[in-house]
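Visitor: Dropping a structure here in structure tokens format, bear with me for questions.
All of the numbers you see were taken from the coordinates with simple rules; none came from a lab. Because the structure is a prediction, the values reported are computed rather than measured. Note that we place each Cβ from the backbone using ideal geometry, even for glycine, and neighbour counts take in every protein chain shown.
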Amino acid sequence: SHFAQGFVALGSFRLSYITFYALIAVFFVWILWNKTRFGKNIFAIGGNPEAAKVSGVNVALNLLMIYALSGVFYAFGGLLEAGRIGSATNNLGFMYELDAIAACVVGGVSFSGGVGTVFGVVTGVIIF
């Protein structure tokens, strides 16, 4: 397929541009998670949504924001992956979610929620 050279260049730099984008994303998520009320709400909802609701957290609105932010990250990751390999198909990234889940678990994130750190996830990604 014929992608623009600038688009393909996203993933063809000697030290991949994806590395720089990942570092920016990690910094953004760390700030969001540790320094904002929204981050604390995410942690509370992950641990116990009912307790978060009783504590005054608008669970429905925060879940909507979480899913929207996830969609932005998924779209950005898809663009970077398509640029890296120079093409895109309907099954690009098939089964990548299992690698992501495994890396998070290796990094200390609990399946039941409420446990985990950004740097734990980064460590899990590096190890995995």
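Visitor: With angles folded into 0 to 90 degrees, how steeply does helix 59-85 sit against the dominant principal axis of the chain? Use alpha carbons for both and round to 10.
Guide: 20
Visitor: Turning to a different aspect of this structure: Just to be sure I understand: with springs between alpha-carbon atoms less than 10 Å apart, which residue in 36, 89, 117 has the highest mean-square fluctuation in the Gaussian network model of the chain?
Guide: 89
Visitor: Whole-Hz ³J(HN,Hα) for each residue in segment 112-128, computed from phi via Karplus 6.51 cos²θ - 1.76 cosθ + 1.60 with θ = phi - 60°, x for glycine and proline: what do you get?
Guide: Karplus-based 3J(HN,Hα) across segment 112-128 equals 7, x, x, 9, x, 10, 5, 6, x, 5, 4, 4, x, 5, 5, 5, 6 Hz.
Visitor: Which residue fluctuates the most in the chain, going by a Gaussian network model with Cα springs under 10 Å, if the choices are 28, 94, 43?
Guide: 94
Visitor: Here is a follow-up. Net charge around residue 57, counting only other residues with Cβ within less than 10 Å of its Cβ (Lys, Arg = +1; Asp, Glu = -1)? Mind dumping the intermediate values first?
Guide: Numbers: positive: 37, 40, 53; negative: none.
Net charge around residue 57: +3.
Visitor: Taking H placed 1.01 Å from N in the peptide plane, check which residues at least 5 places from residue 115 or on another chain put their amide H under 5 Å from its amide H.
Guide: Counting only residues 5 or more places away or on other chains, the set is 110.
Visitor: In the chain, what is the volume of the convex hull around the alpha carbon atoms, normalised per residue and reported in Å³? Don't skip to the answer; put the middle values down first.
Guide: On the way: hull volume 15.2 nm³, N = 128.
Output value, Cα hull per residue: 119 Å³.
Visitor: First check a/c for segment 56-110, with a ≥ b ≥ c the square roots of the eigenvalues of its C-alpha gyration tensor; if it is under 1.5, answer rounded, and if not, answer prolate when a/b is larger than b/c or oblate otherwise.
Guide: Details: a/c = 3.12, a/b = 1.53, b/c = 2.04.
Oblate, because a/c is 1.5 or more while a/b does not exceed b/c.
Visitor: Could you state the angle between the C-alpha long axis of helix 17-35 and the longest principal axis of the C-alpha atoms of the chain, as a value from 0 to 90 degrees rounded to the nearest 10?
Guide: Roughly 10 degrees, rounded to the nearest 10.
Visitor: With an 8 Å Cα cut-off and a minimum separation of 6 or more residues, compute the relative contact order for the chain in percent.
Guide: Details: 110 pairs, mean separation 36.7, N = 128.
Answer for the chain is 29 percent.
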